[in-house]
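Here's the structure we're looking at; comments come further down.
The values are calculated or read from the model by the stated rules, or taken from the named source; none is laboratory data. Keep in mind that this is a model prediction, so the values were computed, not measured. As a convention, Cβ positions derive from the backbone with ideal geometry for all residues, glycine included, and neighbour counts pool all protein chains shown.
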Amino acid sequence: MMRARDLAEAVDAGDLTPAALVELAAERITTFEPDIRAFAHLDLDAARLRAARMTTREGLFGLPIGVKDIIETAAMPTGHGSPLYTGHQPKADAAIVVMAEDAGGILIGKTATTEFAYLEPAPTRNPHDPARTPGGSSAGSAAGVAAGLMPLALGTQTGGSVIRPASFCGVAAVKPSYRLLPMAGVKPFAPLLDTLGLFGARVVDVAFGLAAISGRPLDVAGQDFGTPTFGVTRLPFAGAAAPESEAALLAAIRAIEAAGGRVVELGLPPILAEAHAAHQIINNYEGALALAYEHRRRRESLSPILLAALDAGAAIPVAEFDAARSRANRARKATQDLFAAVDVLLTYSAPGAAPGPETTGDARFNKLVTLLGLPAVNVPLHRHESLPVGVQVIGRFGDDLRALAAAAWLEARACPAAGS
């Protein structure tokens, strides 16, 4: 994989140039993209031109970036993973694209997504096993970073579309606090849930990228934040995890305790189980509104799985939706008490290792944290046969720095090779 922070430091030191970074990405793409199919659209010539003109030596230092294909770009088509939008050319860049380029990133292409960022699988394959899914909906972003096609990639999460594919593909990822990154110019599905996220090789890489793009002091490399206390929860209302996910969680706990960290088993208030159940109501109700035109006028062009969700969402009474929103609000208030005695929460990133390509996997261990708007980080630290499995570190709302710092602390102790 391409390590974003290391490459940026090499550019800063004069050992690499932005042009060299683009050529490195281009070489990897030529070799691996035909099998991985991470991109919906590539424009390496435009990336080369931008790299040749780049004079900045700060921020992202000319790092190549992939952008999920529900994020609008004026210079590249945005297809939303749907034949309805093949060749669709937006008139303007999404806010996050402007921010990434202003920070010194170089857009190399649009990464493949599931249909409208829902559940119909993308053509992308998992770099660890092409017979497995990379996850979704940010399939191309996760798989592209895992295959070393680019050091950073943007994705979105409405259920588990950042953390889950990161776990399946063995990369780090951060889903920041709700609206830390602006959604203007991103195709909505459920605006109360939709959140931008970032993929990279290691936790320090996504922290570095998020700091540069957002302009916030979130870079954790080389800093000492002390020894964190982890509150462990298995989210019992979400169902059982497979043995490989339990093994990953136990490996994380052992690494924490061996390094002198503290682990606290947490019980969860009943309102969180109610909020977990409310996620689907909010997701489907808002999805039916966000895709109202496509649902009503072009339904014959939608996949059966998306059409069923939109039909279900359109049938939800507004009173049921409002009640679900109220449960979510009560749950957000209840989370404040969870962090009274711990710095972060620790749980599964996914139910198990990546399943077959007919599905994108199950988001049941991600839905609650998305609904609550809390920052979450995938730490890739375990392998089941040939497949990676991650754990999820969750922070208090707005405390993204602590979540990233704790995740980086865990990664450095559970995966020493990640720091080398």
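Residues in the range 207-252 that are in contact with a Gly (Cβ under 7 Å, 6 or more places away or on another chain), surrounded by fewer than 18 Cβ atoms within 10 Å (Cβ to Cβ) and within 19 Å of Ala173 (Cβ to Cβ): there are none. Does any residue in the range 270-292 that is under 11 Å from Phe321 (Cβ atoms) come within less than 7 Å, Cβ to Cβ, of a residue that is hydroxyl-bearing (Ser, Thr, Tyr) and modelled with pLDDT under 95 six or more places away or on a different chain, and which pairs are these? Cβ pairs passing all conditions: none. Considering (1) more than 24 Å from Thr31 (Cβ to Cβ); (2) buried (at least 24 other Cβ atoms within 10 Å of the Cβ), the lone condition that His88 does not fulfil carries the number (2).
Any residue that is out of contact with any Ser or Thr (no Cβ under 8 Å at 6 or more places or on another chain) and surrounded by fewer than 24 Cβ atoms within 10 Å (Cβ to Cβ) - is there at least one of those in the range 106-120? Scanning the range 106-120, I find no residue that is out of contact with any Ser or Thr (no Cβ under 8 Å at 6 or more places or on another chain) and surrounded by fewer than 24 Cβ atoms within 10 Å (Cβ to Cβ), so the answer is no. When Leu368, Leu381 are screened for being part of a helix (DSSP H, G or I), touching a residue at least 24 places away in the same chain (Cβ under 8 Å), under 29 Å from Pro123 (Cα atoms) and under 21 Å from the mean Cα position of the chain (by Cα), only Leu368 passes. Scanning the range 322-351 for residues that are in contact with a helix residue (DSSP H, G or I) (Cβ under 8 Å, 6 or more places away or on another chain) and among the charged types (D, E, K, R) yields Arg325, Arg327, Arg330, Arg332, Asp343. Do we find that Thr31 is surrounded by fewer than 16 Cβ atoms within 10 Å (Cβ to Cβ), in a helix (DSSP H, G or I) and without any contact (Cβ under 8 Å) to a residue 24 or more places away in the chain in this structure? When the stated conditions are applied, Thr31 passes them.
Being of a type outside the set (S, T, N, Q), part of a helix (DSSP H, G or I) and more than 21 Å from Ala139 (Cβ to Cβ) is not true of Arg396. For the range 384-396, what are the residues that are over 17 Å from the mean Cα position of the chain (by Cα) and either of a type in the set (Val, Ile, Thr) or more than 13 Å from Gly231 (Cβ to Cβ) (or both)? Selection gives His384, Glu385, Ser386, Leu387. Taking residues in the range 313-342 that are over 20 Å from Ala288 (Cβ atoms), and partners anywhere that are among the charged types (D, E, K, R), the pairs with Cβ atoms closer than 6 Å and at least 6 places apart or on different chains are Phe339/Arg396.
Within the range 36-64, the set of residues being part of a loop (DSSP other than H, G, I, E, B) and among the charged types (D, E, K, R) comprises Arg37, Asp43, Arg57, Glu58. The helices (runs of 4 or more DSSP H) located wholly in the range 262-341 that include 2 or more residues which are polar (S, T, N, Q), modelled with pLDDT of 95 or more and farther than 29 Å from Thr359 by Cα occupy 318-338.
Among the residues of the range 50-65, is there at least one that is of a type in the set (A, V, I, L, M) and surrounded by fewer than 17 Cβ atoms within 10 Å (Cβ to Cβ)? Yes, the conditions are met somewhere in the range 50-65.
A count restricted to the range 136-160 and to residues that are hydrophobic (A, V, I, L, M, F, W, C) and farther than 18 Å from Gly356 by Cα stands at 7. The residues in the range 235-247 that are farther than 15 Å from Leu345 by Cα, of a type outside the set (Ser, Thr, Tyr) and assigned to a helix (DSSP H, G or I) can be counted, and the count is 6.
Okay, residues lined up against (1) over 22 Å from Thr335 (Cβ atoms); (2) in contact with a Leu (Cβ under 8 Å, 6 or more places away or on another chain); (3) at pLDDT 95 or above:
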site: Thr158; (1), (2), (3): no, yes, yes
site: Cys169; (1), (2), (3): yes, no, yes
site: Ala172; (1), (2), (3): yes, no, yes
site: Leu193; (1), (2), (3): no, yes, yes
site: Gly197; (1), (2), (3): no, yes, yes
site: Ile213; (1), (2), (3): yes, yes, yes
site: Gly231; (1), (2), (3): no, yes, yes
site: Ala242; (1), (2), (3): yes, no, yes
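Contact map, the range 225-254: first residue within 22 Å of Asp399 (Cα to Cα), second residue at pLDDT 95 or above and among the aromatic types (Phe, Trp, Tyr), Cβ cut-off under 6 Å, separation 6 or more or different chains; pairs are Pro228/Trp409; Leu235/Phe365.
For the range 6-18, the count of residues that are in contact with a strand residue (DSSP E or B) (Cβ under 6 Å, 6 or more places away or on another chain), farther than 22 Å from Gln157 by Cα and in contact (Cβ under 8 Å) with a residue 12 or more places away in the chain is zero. Residues in the range 134-161 that are of a type in the set (Ser, Thr, Tyr) and touching a strand residue (DSSP E or B) at 6+ places or on another chain (Cβ under 6 Å): Ser138, Ser141, Thr156.
Among the residues of the range 65-123, those that are among the hydrophobic types (A, V, I, L, M, F, W, C), assigned to a loop (DSSP other than H, G, I, E, B) and within 17 Å of Gly140 (Cβ to Cβ) comprise Ile70, Met76, Ala94, Ala112, Leu119, Ala122. Of the listed requirements (1) on the phi > 0 side of the Ramachandran plot; (2) buried (at least 24 other Cβ atoms within 10 Å of the Cβ), Ala94 misses just one: (1).
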